[in-house]
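Undergrad: Below you'll find the structure I mean.
Throughout, read-outs are computed from the coordinates displayed, never taken from laboratory work. Nothing here was measured: the structure is a model prediction, and the numbers come from that model. When we count neighbours, we look across all protein chains shown, and the Cβ atoms used for this are built from the backbone with ideal geometry, even at glycine.
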Amino acid sequence: MALMPKRVKHRKSQRGRIRGKATRGNRVVFGEFGLQSMEGGWISAATIEAGRIAAQQYIRGEGKLYIRIFPHKSITSIPLETRMGKGKGEPDYWAATVRPGTILYELTGVSEEQAKVCFARLAHKMPVRVRMAKRN
């Protein structure tokens with residue numbers, strides 16, 4: 001099942017703007033290798049889950065995967081063929097707001113070559129450009 005908050009103060013959120021680079025969550029902390037975003041955007045809960053499944057299928061229980069992003073933002077949409085007006089649409093899905101430099105996933109317990117292949121599989125599913133980062 002896709003990630004979403006248990007409860008929120010407001011059901012609908014404004015779109016906002018993604019400005020500047022990530023100052024938090026921008027270094028590999030839990031694992032040895034990380035998947036780092038190179039541009040800003042929204043990553044839906046379904047995309048995060050698809051990435052998790054792709055990584056788990058590849059590492060097959062020999063390594064550990066950490067998900068570093070959580071979808072807090074509700075994205076609304078109005079039904080198709082609806083006229084203008086009548087207010088803001090209902091929440092459609094949940095998304096994580098990602099700035100350039102944010103670490104999305106981390107891996108530990110696998111070799112660098114395995115991590116490279118695993119992150120290549122993940123990169124195909126991501127709506128933002130990503131790169132592999134190592135722990136300092």
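Undergrad: Mind checking region 20-82 for GluC sites (Glu not before Pro) that DSSP puts in a loop (not H, G, I, E or B) and that have at most 10 other Cβ atoms within 10 Å?
TA: Hits after loop and neighbour filter: 62, 81.
Undergrad: Now for a different question. Which value, in debye to the nearest 20, gives the size of the charge dipole of region 1-47 about its Cα centre, when Lys and Arg are +1 and Asp and Glu are -1 at the Cβ? Please report the intermediate quantities before stating the final value.
TA: Values: 11 positive and 2 negative charges, 108 e Å.
Dipole about the Cα centre, nearest 20: 520 debye.
Undergrad: Considering only 61, 30, 89, whose Cα is most displaced toward the positive end of the charge dipole of the chain, charges sitting on Cβ of Lys, Arg (+1) and Asp, Glu (-1)?
TA: Sorting the options by dipole projection puts first 89.
Undergrad: Is there a quick way to get the dipole size of the chain? I mean about its Cα centre, with the Cβ of Lys and Arg at +1 and of Asp and Glu at -1; what is the value in debye to the nearest 20?
TA: 740
Undergrad: Rounded, prolate or oblate, given the Cα gyration tensor of region 54-93, with a/c below 1.5 counting as rounded? Spell out each step's value before the answer.
TA: Working: a/c = 9.02, a/b = 3.26, b/c = 2.77.
Prolate shape, in that a/c is at least 1.5 and a/b is the bigger ratio.
Undergrad: Right, something else. Direction-averaged shadow area of the convex hull around the Cα atoms of region 1-131, nm²?
TA: For region 1-131, the mean projected area of the Cα convex hull comes to 9.4 nm².
Undergrad: A follow-up question, please. For the chain, build the charge dipole from Cβ charges (+1 Lys, Arg; -1 Asp, Glu) around the Cα centre, then report which of 80, 110, 46 sits farthest towards its positive end.
TA: Result: 80.
Undergrad: For residue 86 and residue 19, what is the calculated FRET efficiency with R₀ set at 22 Å and r taken between the beta-carbons, to the nearest 0.05? Don't skip to the answer; put the middle values down first.
TA: On the way: r = 31 Å, r/R0 = 1.41.
The value I calculate is 0.10.
Undergrad: Can you check what the net charge comes to around residue 34, using other residues whose Cβ is under 11 Å from the Cβ of residue 34 (Lys, Arg +1; Asp, Glu -1)?
TA: It works out to a net charge of +3.
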